[in-house]
1. Tell me, which strands (runs of 3 or more DSSP E) wholly within region 175-239 include 1 or more residues that are more than 21 Å from residue 341 (Cα to Cα) and basic (Lys, Arg)?
2. So, in region 553-587, how many residues would count as being crowded, with 19+ Cβ neighbours inside 10 Å, of a type outside the set (Ser, Thr, Tyr) and farther than 30 Å from residue 526 by Cα?
3. Any idea which of (1) of a type in the set (S, T, N, Q); (2) at pLDDT below 95; (3) open to solvent by 20 Å² or more (accessible area, probe 1.4 Å) is the one residue 153 doesn't satisfy?
4. Please state which of the following conditions residue 103 fails to meet, knowing it meets all the rest: (1) outside any helix (DSSP H, G or I); (2) in contact (Cβ under 8 Å) with a residue 12 or more places away in the chain; (3) touching a Lys or Arg at 6+ places or on another chain (Cβ under 9 Å).
5. Do the conditions hold for residue 73, that is, is it at pLDDT 95 or above and either touching a Gly at 6+ places or on another chain (Cβ under 8 Å) or open to solvent by 20 Å² or more (accessible area, probe 1.4 Å) (or both)?
6. Residue 405 is checked against (1) surrounded by fewer than 21 Cβ atoms within 10 Å (Cβ to Cβ); (2) out of contact with any Leu (no Cβ under 7 Å at 6 or more places or on another chain); (3) among the β-branched types (Val, Ile, Thr) and fails just one. What number does that condition carry?
7. Confirm whether residue 255 is of a type outside the set (Lys, Arg), assigned to a strand (DSSP E or B), within 30 Å of residue 341 (Cβ to Cβ) and open to solvent by less than 60 Å² (accessible area, probe 1.4 Å).
8. Any idea which of 827, 795 is touching a residue at least 24 places away in the same chain (Cβ under 8 Å), surrounded by 12 or more Cβ atoms within 10 Å (Cβ to Cβ) and under 49 Å from the mean Cα position of the chain (by Cα)?
Amino acid sequence: MMDKTFDPAHVERRISALWEEAGAFRAGRPDRAEAETFTIVIPPPNVTGSLHMGHALNNTLQDILCRFERMRGRDVLWQPGTDHAGIATQMVVERQLAERQQPGRRELGREKFLEEVWRWKEESGGAIVAQLKRLGASCDWSRERFTMDEGLSKAVVKVFVQLYRDGLIYKDKRLVNWDPKLLTAISDLEVVQKEEKGSLWHFKYPVVDDAGKETGEYIVVATTRPETMLGDTAVAVHPDDERYTHLVGKKVRLPLVGRLIPIIADTYSDPEKGTGAVKITPAHDFNDFEVGKRHNLPLINVLDAEANIQLQGNLSFLDGVNWQTSDLNAAIDALDGKSREAARKIVVEMMEERGLLDNIEPTQHAVPHGDRSGVVLEPRLTDQWYVDAKVLAQPALAAVRDGKTKFIPENWSKTYFQWLDNIQPWCISRQLWWGHQIPAWYGEDGTIFVAEGEQDAAAEARAHYGRDDVALTRDEDVLDTWFSSALWPFSTLGWPDETPELKRYYPTNALVTGFDIIFFWIARMMMMGLHFMDDVPFHDVYIHALVRDEKGAKMSKSKGNVIDPLGLIDEYGADALRFTLAAMAAQGRDIKLSTQRVEGYRNFATKLWNAARFAEINGCVGNVAFDPRTARVTLNQWIIGEAAKAIGEVTTAIQAYRFNDAANAAYRFVWNIFCDWYLELAKPLLQSADEVAKAETQATTAFILDQVVKLLHPFMPFITEELWANARRETVLALAQWPSLEGLSFPDAEAEIGFVVELISEIRSVRSEMNVPAGAQVPLVLVGADPAARSRAETWTDVLKRLARLSDISFATEAPAQAAQMISRGTLAALPLAGIIDFAAEKIRLAKEIEKLHAEAKKIEAKLGNADFVARAPEEVVEENRERLVEAQSRAEKLAAALQRLG
């Protein structure tokens with residue numbers, strides 16, 4: 001006997017153990033050796049991570065695909081694993097050492113520190129794996145990988161060495177995002193732009209003649225970074241800006257420094273912005289760096305690794321300075337060694353003292369911060385390792401343009417093309433200790449030897465130098481975490497070894513991920529997959545949207561609106577959370593998540609459980625010999641036909657990555673059609689003295705319940721597996737066959753039951769809209785009904801009366817006076833309401849309500865038609881107004897139809 005209620009906390013752990021014991025998620029099952037494969041690689045979460053709502057959505061959608069394809073008989077590999085997360089993990093361990101008052105990283109040294117990291121990883125890392133299992137993720141956990149595994153590390157070294165030998169990896173001095181606290185380059189994805197209030201300082205730079213003498217003319221430049229002026233190497237103006245045409249080609253003397261720098265013409269300068277003249281500091285600004293390359297400007301770095309001013313002994317800074325015409329010594333004394341913030345104030349004061357501060361204006365601008373350290377980042381000129389991404393990007397672009405890989409929704413391919421068409425060299429080195437150490441060694445004269453191991457590098461060095469006693473020093477840097485992640489689809493399958501798994505499961509079928517890593521991960525997997533495997537890593541890329549709070553605001557700790565998925569699982573169960581996310585995962589639309597929605601789908605799970613208990617109580621036991629095609633009872637034929645339609649809809653929607661359509665089709669069938677209508681209409685048959693009809697209805701109910709649990713399994717795996725187990729099946733539901741009732745339809749049954757269902761629904765709707773008292777029994781008149789409609793109404797009279805609260809059903813050629821009219825399946829139906837409602841008062845009420853809704857809609861339309869409002873208002877406020885407009889218009893339409901019914 002089933003428990004009275006479904007207790008997720010009690011069931012989920014037991015069902016997880018059941019799947020584990022059955023090896024339900026293992027790829028390569030002997031019984032599927034000849035089956036078609038379906039492969040997905042999990043976007044590897046950081047080993048330091050904890051399950052957040054983005055993970056919950058991403059892995060729910062992947063799991064739906066995997067469970068669906070597994071039930072369709074395919075050999076499914078959902079490859080799990082975690083990322084070593086260089087910066088994040090190193091910070092966690094360093095923080096832990098500090099809390100324990102143990103020696104820090106530098107004191108420990110590299111080898112001892114890495115031992116501490118590995119110890120932490122084994123003891124505390126990977127908690128997110130257990131959390132993903134709580135969500136119900138059906139990965140092949142026996143194949144779990146880690147980006148620092150021996151096998152994956154071997155792949156990383158192989159790729160680096162090969163790309164270096166192909167001329168696609170090289171060392172260069174370029175600008176990078178530099179974190180002055182962590183003392184490493186970081187990727188663009190780790191940069192957080194924060195809007196901050198600041199100042200725009202306008203400085204006067206004196207123009208000089210050919211002899212270097214000041215002419216008395218000044219050119220005014222504006223900057224938010226006064227301290228970087230020490231590294232200026234030009235002033236740029238727009239070539240079409242007539243104000244400065246006469247100055248192009250001349251020079252200015254850089255205040256405080258005395259260096260003569262040219263005035264150049266470049267379209268980077270915006271004549272409409274500030275004074276139209278901009279200072280160019282190629283070593284401290286990404287845009288200026290590009291301008292510098294175009295005009296062959298020198299690169300002068302005036303900040304050290306910790307973002308302090310560095311002037312003494314700085315040869316690039318001192319080069320070209322005329323000591324006799326500058327107060328350079330004063331500048332060096334005042335600024336050298338100062339922090340950038342302190343230097344900023346000093347520079348402004350010195351410029352003001354010299355009468356070179358034109359004016360100061362307040363401004364608000366985006367300032368880049370490190371997402372881990374929280375400090376302001378610096379564009380810093382350093383020697384780093386780079387991948388020639390431009391070359392690798394060409395096959396990756398062609399693969400998407402040729403349709404070998406497609407994006408869903410398709411519009412994301414434009415983002416992909418935009419990024420890859422404008423791709424820059426990829427900086428792959430990081431100044432960290434935790435990660436894949438770069439396989440490069442340096443000779444005494446700086447010659448680089450790249451090899452798969454130190455012995456190979458030493459052999460190359462001996463051959464190069466022509467002697468045996470060669471001392472080599474290994475590069476201390478590690479590789480960008482995205483480098484190893486880019487190999488994930490094939491390194492996890494054993495590459496560079498030619499493994500059976502690599503041959504069977506590569507390329508993968510689909511990738512499910514967020515839009516924010518299209519460039520950082522997807523594009524790089526495409527580049528690496530095509531270069532090393534000569535094939536795309538995946539055929540479909542499904543890009544899901546963001547999960548926001550119920551008002552549409554982005555979740556953040558600072559706003560206090562973060563919803564914890566584990567908390568929701570504890571309160572409502574994993575199935576409820578999963579179904580909520582799936583039902584709201586419309587392509588290209590962010591999810592507005594509220595606990596009320598999760599609670600609503602928990603109620604859906606309860607409804608399903610109660611339906612199964614009802615079936616059990618009424619003797620509805622599965623019968624393997626039952627053939628749905630032999631059903632003779634009209635109601636049973638109808639539900640079988642409806643099940644066939646629902647299965648078709650859900651199947652088609654999942655295949656098209658329309659997860660919300662699939663979930664909602666399943667929901668409508670289970671709640672509205674099966675529970676609300678079929679079980680309600682089947683009650684008399686289940687209590688009938690007609691044993692044949694009763695037995696068929698019992699068998700049909702059990703059969704449909706089987707289809708329901710199969711249909712819902714990809715979305716709600718725990719409750720469905722429990723219901724399946726309650727029926728004492730020989731195999732787990734996760735390995736059962738996906739339902740298929742293709743071609744099964746009973747048109748006559750659909751016409752009859754559909755008429756009854758639609759008529760009752762229309763009557764209920766009219767009663768609600770017309771304010772008919774709930775307890776009032778009203779008559780129904782079918783006007784001009786054809787023989788078929790008349791026969792259906794007579795057959796189902798008792799049901800119609802009971803469910804629509806009718807006092808009587810009659811037939812007429814004309815509609816009676818003061819009756820609300822509706823059409824159901826082509827038949828005019830009338831509810832005479834004289835004496836039950838006040839027609840005149842009801843007309844007035846409806847008209848007023850419609851007028852009020854029209855006024856509200858007009859007000860909202862005006863607001864949304866205001867471009868300034870749409871541009872300035874928070875995104876969630878604009879979206880809320882759009883929803884309110886649709887709601888008001890829809891409600892007005894319904895009430896207008898109700899008013900029309902009153903005649």
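The values are calculated or read from the model by the stated rules, or taken from the named source; none is laboratory data. Keep in mind it's a predicted model, so treat the numbers as computed, not measured. With ideal geometry, Cβ positions are generated from the backbone for all residues, glycine too; neighbour counts draw on all protein chains shown. The accessibility values were calculated without ligands, DNA or RNA, using every heavy atom of the protein model including side chains. Shrake-Rupley method; radii C 1.70, N 1.55, O 1.52, S 1.80 Å.
1. 191-208
2. Final tally of qualifying residues: 11.
3. (2)
4. Failing condition for residue 103: (2).
5. Working: at pLDDT 95 or above: yes; either touching a Gly at 6+ places or on another chain (Cβ under 8 Å) or open to solvent by 20 Å² or more (accessible area, probe 1.4 Å) (or both): yes.
Against the criterion (at pLDDT 95 or above and either touching a Gly at 6+ places or on another chain (Cβ under 8 Å) or open to solvent by 20 Å² or more (accessible area, probe 1.4 Å) (or both)), residue 73 qualifies.
6. Result: residue 405 passes all but (1).
7. Working: of a type outside the set (Lys, Arg): yes; assigned to a strand (DSSP E or B): no; within 30 Å of residue 341 (Cβ to Cβ): yes; open to solvent by less than 60 Å² (accessible area, probe 1.4 Å): yes.
No.
8. Going through 827, 795 in turn, the sole match is 827.
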